[in-house]
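A.B. asks: If you scroll down you'll find the structure; I have some questions about it.
The values are calculated or read from the model by the stated rules, or taken from the named source; none is laboratory data. Please read these numbers as outputs of a predicted model, since none were measured by experiment. Reconstructed Cβ throughout: ideal geometry from the backbone, glycine too, with neighbour counts over all protein chains shown. Keep in mind that these areas ignore ligands, DNA and RNA; they rest on the heavy atoms of the full protein, side chains included. Shrake-Rupley method; radii C 1.70, N 1.55, O 1.52, S 1.80 Å.
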Amino acid sequence: MSDIISQEALYGLLCLAIAFAYVDGGRLGVQGTHFVKDGHRVFLSGTNQAWVNYAHDFGNHQYQHAKQKFEQTLQEIQAAGGNSIRVWVHIEGESTPVFDGGGHVTGTDQAHNLINEMKEYLTAAQHHQILVFFTLWNAAVNQKTHARLDGLIRDTRKLETYIKNALIPMVNGLKDHPGLGGWDIINEPEGELKPGEINSDPCYDTRPLTNSGAGWAGHLYTVQEMQRFINWQADGIKRADPHAMVTVGSWNTKANTDKFGFHNYWKDACLIKAGGGTKHLGTLTFYQVHTYSDSANHFDGVSPMQKNAAEFGLDKPVVIGEFNQDHGGGMNIQQLFEHAYNGGYSGAWTWSVTDSNWQTQRAGMTAIKGKNDQSKGGLVHFSV
């Protein structure tokens, strides 16, 4: 009898293992410098719809005012052959999360509805076979509400309240949703960095960013402060969901590579060190870099649109997270998408649905629609 029970128990465990393997196998994962899903190398093709109503799209029953435009975009991305989208959440804390008078975070939103609204959006994305990447914060523009975000960057006690009372509840509430692609901690953190700071540790030395354009929104933070801000949140996300995809929207490869005389400020060692050395899960799953040509329509020589991904010497997948034809260095949108697909990158997201050239952006997605070259970008059309 004991042998029979043992065999039945073993069979039950085997079934359970198969079930878990099926669930995990359906999620986006990483293999070396590539994304994988359901056993295939995949390529993230899509766009940015950073906002419909700036900083007021989710929470406090605000989604109902943005829902129609968000869902129309999902439909249009699917029709163009895309599979992913990048969307902003808090930005600088204008409407979410909830801050008390001292700058500590007490909850997700006043109406306790943020998670439900994000989930509603994810369900629509799943219906259209699209993965959503939520960007939490923004450092590209310094708004009048910046004091809230400023407190989280400078004061770890305040940051802890955000992680405990808003971030982890969000991750726990959404981690099992098939429409969730991942989390982008902050958009263009370099916008508020102090360039030109001297430090014997390359992780903290920002002399390579002197006269680079970094700090355009204000010379507010040391790179160590921003690294800690990222490390702590990434660690919180991964503790709540070990399978979570985490990234940062870096403004330029100048801040995201150790090649060409620059420093990669967002690599694992720098993030962990800046975070105090204890939050070892607080690293990025993949890199995300942005690129635009200058007023003369020239790239800067280190643009991902001028190089293959391998030239940057990175050990993770790289997504070109913002670009467009208007600032495409003379390349049309089809060429930009094809370069990303053929050049060893793992994804391409145009900027942005809110621009007048949205129809042109969709043509870029269509240029690689249905591709499945496993030696290059990989599978574009996959199930969510």
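A.B. asks: Can you name the residue in the stretch 254-295 that is touching a residue at least 24 places away in the same chain (Cβ under 8 Å) and among the polar types (S, T, N, Q) and is also farthest from Pro195 (Cα to Cα) among such residues?
C.D. replies: Once the filter is applied, the top-ranked residue is Thr285.
A.B. asks: Could I ask something else about it? Within the stretch 182-202, identify whether any single residue is open to solvent by less than 20 Å² (accessible area, probe 1.4 Å), more than 25 Å from His290 (Cα to Cα), out of contact with any Leu (no Cβ under 8 Å at 6 or more places or on another chain) and in a helix (DSSP H, G or I), and answer yes or no.
C.D. replies: Scanning the stretch 182-202 turns up no residue that is open to solvent by less than 20 Å² (accessible area, probe 1.4 Å), more than 25 Å from His290 (Cα to Cα), out of contact with any Leu (no Cβ under 8 Å at 6 or more places or on another chain) and in a helix (DSSP H, G or I).
A.B. asks: Taking the stretch 69-128 as the region of interest, how many residues are over 16 Å from Leu180 (Cα atoms), in contact with a Pro (Cβ under 6 Å, 6 or more places away or on another chain) and not in a strand (DSSP E or B)?
C.D. replies: Total meeting the criteria: 1.
A.B. asks: So in the stretch 258-285, with the set limited to residues that are among the β-branched types (Val, Ile, Thr) and in a loop (DSSP other than H, G, I, E, B), which one is most open to solvent (accessible area, probe 1.4 Å)?
C.D. replies: Result: Thr278.
A.B. asks: Could you say which residue among Val380, Val384, Val353 is closer than 26 Å to Val132 by Cβ and in contact with a Pro (Cβ under 8 Å, 6 or more places away or on another chain)?
C.D. replies: Val384
A.B. asks: Any residue that is among the acidic types (Asp, Glu) and either open to solvent by less than 10 Å² (accessible area, probe 1.4 Å) or modelled with pLDDT under 95 (or both) - is there at least one of those in the stretch 162-180?
C.D. replies: Among the residues of the stretch 162-180, not one is among the acidic types (Asp, Glu) and either open to solvent by less than 10 Å² (accessible area, probe 1.4 Å) or modelled with pLDDT under 95 (or both), which makes the answer no.
A.B. asks: Residue check, Gln359 against (1) closer than 24 Å to Gln72 by Cα; (2) out of contact with any helix residue (DSSP H, G or I) (no Cβ under 7 Å at 6 or more places or on another chain); (3) in contact (Cβ under 8 Å) with a residue 60 or more places away in the chain, all met but one. Which one?
C.D. replies: Failing condition for Gln359: (3).
A.B. asks: Another one. Can you list residue pairs whose Cβ atoms sit under 8 Å apart, with the first residue in the stretch 130-156 being within 20 Å of Ala214 (Cα to Cα) and the second being of a type in the set (Gly, Ala, Ser) and open to solvent by 10 Å² or more (accessible area, probe 1.4 Å)? Count only pairs 6 or more apart in sequence or on different chains.
C.D. replies: The qualifying pairs are Ala139/Ala217; Ala140/Ala217; Val141/Ala217; Asn142/Ala217; Asn142/Gly218.
A.B. asks: List the residue pairs whose Cβ atoms are under 6 Å apart, where the first residue sits in the stretch 41-61 and is among the charged types (D, E, K, R), the second is open to solvent by 30 Å² or more (accessible area, probe 1.4 Å), and the two are 6 or more positions apart or on different chains.
C.D. replies: Listed pairs, sorted by first residue: Arg41/His34; Arg41/Gln374; Asp57/Trp51.
A.B. asks: Regarding the stretch 146-155, can at least one residue be identified that is under 28 Å from Thr222 (Cα atoms), among the hydrophobic types (A, V, I, L, M, F, W, C) and open to solvent by 10 Å² or more (accessible area, probe 1.4 Å)?
C.D. replies: Scanning the stretch 146-155 turns up at least one residue that is under 28 Å from Thr222 (Cα atoms), among the hydrophobic types (A, V, I, L, M, F, W, C) and open to solvent by 10 Å² or more (accessible area, probe 1.4 Å).
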